[in-house]
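Accompanying notes for the structure given below.
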Amino acid sequence: MDIGNWISIFIALIATAAVVVTYAVFRSSTDPVVIVYADPDIKRPSFVNLIIKNIGNGAAHSIKFKPTRPLPYEAFSIKVPEKMPESMEVGPIVTGIPFLAPGQKITLTWGQYGGLYKYIGDEPIQVESQYYAVGKTRFYSRRLSATSSLDVRTFERSESAEHGHGPNLVKEFKALNKSFDSVSKGVQQIADRGKS
């Protein structure tokens, strides 16, 4: 082979690599990516939500979830409880989701730190999301997947693990009410002494 043939082969390889890179960039900008993650509830500080979200740029169809083990269901307890929470037997993780638009998310109230930690422990649960990206023609679709990790230990020292604002405010109001009662009794005693 002469040098002209080698140059032709080299140029063909570069063109093939460019096509592969262009296709990969195109897919990453048009494919759906469905993830599952835990997130603290801002409005209810001790609660943790389970979020299913399509973070990709394409619509996801026929979404199914395959966790490495069942997820907990309504694991409500701030402190680690003695009783094990129930396993999830209903909801989108179990039944799947027919369609998620780009950026769309589904939020489920999942539980509180103690209950979730009792069920999950120190070993995170991996959740594989399997779904289809449908092309412009309905006859062409690709099966895709993404894996997420659910680990509640990240919330150990957060407000999700503590009592949150609600119970703390109640304690503060009770203490304030006791102080007010003491002051009120003191004023009443002084007023009674002044009358006699």
Restricting to the stretch 91-128, count the residues that are in a strand (DSSP E or B) and under 17 Å from the mean Cα position of the chain (by Cα). 14
Residue that is nearest to the chain's Cα centre (by Cα) [pool: residues in the stretch 77-90 that are of a type outside the set (S, T, N, Q) and buried (at least 16 other Cβ atoms within 10 Å of the Cβ)]: 88
Going by the conditions given, is residue 5 surrounded by fewer than 16 Cβ atoms within 10 Å (Cβ to Cβ) and of a type outside the set (Phe, Trp, Tyr)? yes
Here is a list: 68, 16, 95, 107. Which entry is hydroxyl-bearing (Ser, Thr, Tyr) and not assigned by TED's automatic domain parsing to the domain that holds residue 155? 16
Here's a check for you: in the stretch 56-76, which residue that is of a type in the set (A, V, I, L, M, F, W, C) and in a loop (DSSP other than H, G, I, E, B) is surrounded by the fewest Cβ atoms within 10 Å (Cβ to Cβ)? 76
If we keep only residues of the stretch 36-55 that are under 22 Å from residue 76 (Cβ atoms) and among the polar types (S, T, N, Q), then the residue surrounded by the most Cβ atoms within 10 Å (Cβ to Cβ) is 46
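The values are calculated or read from the model by the stated rules, or taken from the named source; none is laboratory data. Note that the coordinates shown come from a computational prediction; the quantities given were computed from them, not determined experimentally. Cβ coordinates were reconstructed from backbone atoms using ideal geometry, including for glycine residues, and neighbour counts include every protein chain displayed.
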